[in-house]
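Beneath this line is the structure, given in structure tokens, with notes to follow.
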Amino acid sequence: MVRRSAHTVLQTSQRLVQAGVGTTPVWHAALLSHPPAPIRPVFKSSVKELVFPEDRIRTQFFEDFPFEAMRAKSLAERQVVKDEDRLQGKEWYSLHQRTSNPSAEDCIAFTLNLQKYHKLSLAKAYAIATAQFADLRAVQEVAIRSAYKEARSFGAHSDPKVDRGEVARTNKKMENALRSWRPPRSLKSSSGSKIWQADAQPSYHALEGKFSGGADYIQGWSSWNEWTDGKRQRLLEGARLRGSRKASDQSAPAGSATEGEAKKD
């Protein structure tokens with residue numbers, strides 16, 4: 001059976017009486033004189049969504065410039081500077097007037113300023129603001145690259161393994177200074193057995209400022225050839241001696257066996 005509300009009991013009773021179905025209930029007159037209180041209307045209490053004009057521009061901006069969301073930003077940046085003290089209104093007609101390193105919020109604020117004070121449409125104001133934002137970003141990147149190349153030309157290090165702060169750079173300088181105190185290695189101990197030394201040594205003619213015309217080079221080349229020829233001959237002689245000794249060792253047992261048989265006979 002369907003469950004009905006108490007407010008429909010009187011209406012249902014009146015319809016049944018008018019249709020001649022059954023008799024009139026005893027409580028019909030009392031209910032007609034004192035009907036139930038009306039039901040309070042049900043209102044859905046929902047908080048309206050807060051929508052700001054900056055939200056729409058911010059959504060479109062990060063769709064066009066997604067890498068700006070990855071740019072590091074300090075939460076305490078410009079906390080002392082108030083918006084009232086900054087340039088705004090009709091006097092603010094270029095993004096460069098406020099800063100040469102604009103952020104996403106600067107571009108959004110400039111878009112709203114163009115729309116409100118310069119009477120431009122939102123699409124045109126956004127196009128102008130993003131174009132100036134891209135120009136300032138390009139100028140900043142070129143300046144950073146130029147400063148990086150200039151620093152490298154003066155000997156600065158940008159390797160994160162080397163450049164880890166002032167303390168690390170100071171320790172590196174101290175290590176280099178201590179390493180310079182070590183006595184140099186003698187050339188004789190490192191390259192005494194070589195005919196041609198790998199270490200560059202000033203020659204007699206170089207000290208006098210004379211040009212040998214390649215005579216030093218030819219002399220070194222000839223000494224190298226003589227050394228290699230002598231070594232090759234020594235190797236050949238050693239191989240011949242080893243071959244003759246091996247042949248004599250193989251023939252010695254056969255001769256001793258024949259001499260033993262002759263003695264027995």
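Values quoted throughout were computed directly from the atomic coordinates according to the rules given, and no laboratory measurement underlies them. Because the structure is a prediction, the values reported are computed rather than measured. All Cβ positions, glycine included, derive from the backbone under ideal geometry; neighbour counts span all protein chains shown.
Provide a single number: the residues in the range 123-133 that are of a type in the set (Gly, Ala, Ser) and either more than 18 Å from Arg58 (Cα to Cα) or surrounded by 13 or more Cβ atoms within 10 Å (Cβ to Cβ) (or both).
The qualifying residues number 3.
Restricting to the range 91-122, count the residues that are among the polar types (S, T, N, Q), under 36 Å from the mean Cα position of the chain (by Cα) and either in a loop (DSSP other than H, G, I, E, B) or more than 13 Å from Ile57 (Cβ to Cβ) (or both).
Count: 6.
Within the range 24-74, can you find the residues that are touching a residue at least 60 places away in the same chain (Cβ under 8 Å) and outside any helix (DSSP H, G or I)?
Correct list: Phe65 only.
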